[in-house]
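K.L.:
The structure under discussion is supplied below as structure tokens; questions concerning it will follow.
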Amino acid sequence: MLKKTRQAHRFRIKTLPTRAFRVIGLSSAVLVTALSGCFSTPLSKLPAPDDVGRLVESAEVQMPLYLSSANPEDSLGFQFLLIFPLTRVYAPHLESLVRSKLTIQAGYGKHGLVAPTSASGMQRPRLVVTIADSDVNGYDLLFVRRPTAAVTLLGHYHTSSGIVHECIGTGSASSFSLFAFERDLNHALEQASERAAHDLISCLGIDTYNESE
């Protein structure tokens, strides 16, 4: 009986550290998740490419671009340590970035996208685009980091003849690097936005010029 008691006591002593580590690990995970909203990584606005203005000025067709976002917040994702979110990633310049990418892609097809004015009204042709979904995340995998981004655009192209074309453009980007901080996250978001813009403009047929417009 005494021998069994000693063995049981030894077993409880051996299991204590394991249970303690589990409790500490679980508590740390909860704490990290709770604090993730207290820290942020804002992405700086990228300068507009030099050829944006030139493409608009040389366009055969000028039309207003109405751009909006389905996400009222600027928060697009997190920076993760393995599976734990550490900081929120904000991109307040996303609409400006998408606008410049759309303008460039449409400009290749001789369409100049301009900001709408009070005189635009229901002008045709016109392009109405909604940023339906977007995210950007950075994953710290201990020895390497992985920035990722994805953008989905919903577009309605109102032609001069009154026909409305609807398309969805998607774009994504990811890479592996030693860092996945602001510069790398911004680069991933820019690539994803450019691919989504190209996909949308190509689907809507605005990447080519039609004289009937």
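The values are calculated or read from the model by the stated rules, or taken from the named source; none is laboratory data. Not measured: the values here are computed from a predicted model. Please note: Cβ atoms are built from the backbone with ideal geometry, for glycine as well, and neighbour counts cover all protein chains shown.
K.L.:
Could you figure out which of (1) in a strand (DSSP E or B); (2) within 19 Å of HIS187 (Cα to Cα); (3) touching a Leu at 6+ places or on another chain (Cβ under 8 Å); (4) of a type in the set (Val, Ile, Thr) isn't true of THR103?
P.N.:
(1)
K.L.:
Among the residues of the range 59-93 satisfying the criterion of being touching a helix residue (DSSP H, G or I) at 6+ places or on another chain (Cβ under 8 Å) and in a loop (DSSP other than H, G, I, E, B), which is nearest to GLY109 (Cα to Cα)?
P.N.:
The residue in question is ALA59.
Each row is one residue, and each column tells you yes or no for (1) in contact with a helix residue (DSSP H, G or I) (Cβ under 8 Å, 6 or more places away or on another chain); (2) under 24 Å from LEU76 (Cβ atoms); (3) not β-branched (Val, Ile, Thr).
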| residue | (1), (2), (3) |
| --- | --- |
| ARG145 | yes, yes, yes |
| THR148 | yes, yes, no |
| HIS158 | no, no, yes |
| SER161 | no, no, yes |
| THR170 | yes, yes, no |
| HIS187 | no, yes, yes |
| SER202 | yes, no, yes |
| GLY205 | no, no, yes |
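K.L.:
Suppose we keep only residues that are of a type in the set (Ser, Thr, Tyr) and not in a loop (DSSP other than H, G, I, E, B) within the range 121-173. Which one would you say is farthest from ILE206 (Cα to Cα)?
P.N.:
Of the range 121-173, the ones of a type in the set (Ser, Thr, Tyr) are 130, 134, 139, 148, 152, 157, 159-161, 170, 172.
Still in the running and not in a loop (DSSP other than H, G, I, E, B): 130, 134, 139, 148, 152, 157, 170, 172.
Values: THR130: 17, SER134: 23, TYR139: 36, THR148: 28, THR152: 18, TYR157: 9, THR170: 16, SER172: 21 Å.
Among them, the one singled out is TYR139.
K.L.:
Out of (1) under 24 Å from ASN186 (Cα atoms); (2) surrounded by fewer than 19 Cβ atoms within 10 Å (Cβ to Cβ), the odd one out for PRO116 is which?
P.N.:
(1)
K.L.:
Answer yes if at least one residue in the range 150-160 is assigned by TED's automatic domain parsing to the domain that holds LEU76, more than 23 Å from the chain's Cα centre (by Cα) and among the small types (Gly, Ala, Ser), and no otherwise.
P.N.:
Yes, the conditions are met somewhere in the range 150-160.
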